[in-house]
Amino acid sequence: MSTAELSPALPTSDSSSTDPRRPLTGRRSDGARHIVHIGDVPFGADPFVVIAGPCAVESAEMISRAASSVAELGANVLRGGAFKPRTSPYSFQGLGMPGISMMHQAARAQNLPFVTEILSEDVVDELAEQVDAFQIGARNMQNFALLEAVGRTGRPVVLKRNFGATLTEWLLAAEHVARAGSSNIVLCERGIRTFGDETRFTMDLAGAMWAQEQTRLPVIIDPSHAIGIPHLLARAAAAALAAGLDGIMVEVHPDPEQARCDADQALTVPAFKELMAHLERFAIVRPLLKP
Ligand code: PEP
Ligand code: MN
């Protein structure tokens, strides 16, 4: 087989990208941003978007409490995992499909769209019917079969950066999704491994800014996983806003001490309220910072 047969030709339908390696997602030569809608919430345009909710769906009652709390405080999108990628096979793995139904109900009751992680290609079609957006987690950023399966559904995708991936690898992963059929991709920086272990990972704010400049896609930050220390999250969220990024994703739990996943990093509802108030202060001056 010749090399030409092995390497599919790059699509030529969109020649507006400034980067020939990423014709579908690269920065456009006219600078236009691609606005991604999750439900009716636009990412990539003002205002700054807040995705909030627990790490995992633990019960119908818990996810509906979480949904109503974050909705009341101004979150735009609900998050929560039913399929959890856990480091240990003995940790809580999520409720699976029943968890998706609980989340669907909780989100609809608050009139919020929701995003949830997908771990396996087997459930792509089933999930595509229910979810407003797929989350591809850090650990699956280069699971190309999954990226393509999710891309083929055309549903929006929140694509997290792997903690060991370069920015270029992350952006090329997004190109895989777009090439398969969905250019509605929100890039999410969630912390990378560095020599420092005092914070859970290292929040790469500069990398997120660089990614935003190099693509037409919206870029958000997940300070919960990046930092892992609840009382630092409000300032980190404000930093993302001040940096001109498009939003944040944060973990909020009605009772963090009882959380079955990522308990140490979850915000309480009052702490999430403070985070929103802190963002509000910066949002007031943000338009003045824009050219
Ligand atoms: C999560 O969002 O709960 C999660 C597992 O995130 P990440 O893939 O960034 O570790
Ligand atoms: Mn988590």
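For beta carbons closer than 6 Å, sequence separation of 6+ or different chains, a first residue in region 218-238 that is at positive phi and a second that is modelled with pLDDT of 95 or more and assigned to a helix (DSSP H, G or I), the qualifying pairs are Gly228/Gln265. Mind counting the residues in region 131-149 that are more than 15 Å from Leu172 (Cα to Cα), in a helix (DSSP H, G or I) and not basic (Lys, Arg)? Selection size over region 131-149: 1. Taking the conditions (1) surrounded by fewer than 18 Cβ atoms within 10 Å (Cβ to Cβ); (2) more than 15 Å from ligand 1 (Cβ to nearest atom); (3) not aromatic (Phe, Trp, Tyr) in turn, Leu217 satisfies each one other than (1). Of the residues that sit in region 179-210 and are aromatic (Phe, Trp, Tyr) and in a loop (DSSP other than H, G, I, E, B), which one is least open to solvent (accessible area, probe 1.4 Å)? Within region 179-210, the match that is least open to solvent (accessible area, probe 1.4 Å) is Phe201. Note on region 22-33: residues that are in contact with a helix residue (DSSP H, G or I) (Cβ under 7 Å, 6 or more places away or on another chain), over 20 Å from Ala133 (Cβ atoms) and open to solvent by 20 Å² or more (accessible area, probe 1.4 Å) amount to 1. For region 254-266, check the following and say yes or no: at least one residue is within 16 Å of Asn76 (Cβ to Cβ) and either assigned to a helix (DSSP H, G or I) or touching an Asp or Glu at 6+ places or on another chain (Cβ under 8 Å) (or both). So far as region 254-266 goes, no, none of its residues is within 16 Å of Asn76 (Cβ to Cβ) and either assigned to a helix (DSSP H, G or I) or touching an Asp or Glu at 6+ places or on another chain (Cβ under 8 Å) (or both).
Condition check ((1) away from ligand 2 (no atom under 16 Å from the Cβ); (2) in contact with a Leu (Cβ under 7 Å, 6 or more places away or on another chain)) across all residues:
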| residue | (1), (2) |
| --- | --- |
| His176 | yes, yes |
| Cys188 | no, yes |
| Thr194 | yes, no |
| Leu205 | yes, no |
| Trp210 | yes, yes |
| Arg216 | yes, no |
| Asp222 | no, no |
| Ile229 | no, no |
| Leu241 | yes, yes |
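When region 154-178 is filtered for residues that are assigned to a helix (DSSP H, G or I) and open to solvent by less than 40 Å² (accessible area, probe 1.4 Å), the ones remaining, listed by number, are Leu167, Trp170, Leu171, Ala173, Ala174, Glu175, Val177, Ala178. For region 68-106, a residue qualifies if it is away from ligand 1 (no atom under 16 Å from the Cβ) and either closer than 15 Å to Val250 by Cα or open to solvent by less than 30 Å² (accessible area, probe 1.4 Å) (or both), and the qualifying residues are Ser69, Ala71, Leu73, Gly74, Asn76, Ala106. At least 2 residues being within 16 Å of ligand 2 (Cβ to nearest atom) is the threshold, and among the helices (runs of 4 or more DSSP H) wholly inside region 56-130 those reaching it are 60-72, 97-109.
The rows are residues; the columns are (1) touching a residue at least 24 places away in the same chain (Cβ under 8 Å); (2) out of contact with any Ser or Thr (no Cβ under 9 Å at 6 or more places or on another chain); (3) more than 23 Å from Gln212 (Cβ to Cβ).
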site: Met102; (1), (2), (3): yes, no, yes
site: Gln110; (1), (2), (3): yes, no, yes
site: Gln142; (1), (2), (3): yes, yes, no
site: Asn162; (1), (2), (3): yes, yes, no
site: Thr168; (1), (2), (3): no, yes, no
site: Ala178; (1), (2), (3): yes, no, no
site: Ser182; (1), (2), (3): yes, no, no
site: Val186; (1), (2), (3): yes, yes, no
site: Arg190; (1), (2), (3): yes, no, no
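Of the residues making up region 34-55, those that are closer than 21 Å to Gly137 by Cβ and either within 16 Å of ligand 2 (Cβ to nearest atom) or open to solvent by less than 30 Å² (accessible area, probe 1.4 Å) (or both) are Val36, Ile38, Val41, Phe43, Val49, Val50, Ile51, Ala52, Gly53, Pro54, Cys55. Take Arg235 and tell me if it is charged (D, E, K, R), within 16 Å of ligand 1 (Cβ to nearest atom), open to solvent by 10 Å² or more (accessible area, probe 1.4 Å) and under 21 Å from Gln265 (Cα atoms). No.
The values are calculated or read from the model by the stated rules, or taken from the named source; none is laboratory data. Here the structure is a predicted model, which is why all the values come from computation and not from measurement. Cβ coordinates were reconstructed from backbone atoms using ideal geometry, including for glycine residues, and neighbour counts include every protein chain displayed. SASA here: full protein model, heavy atoms, side chains in, ligands and nucleic acids out. Shrake-Rupley method; radii C 1.70, N 1.55, O 1.52, S 1.80 Å.
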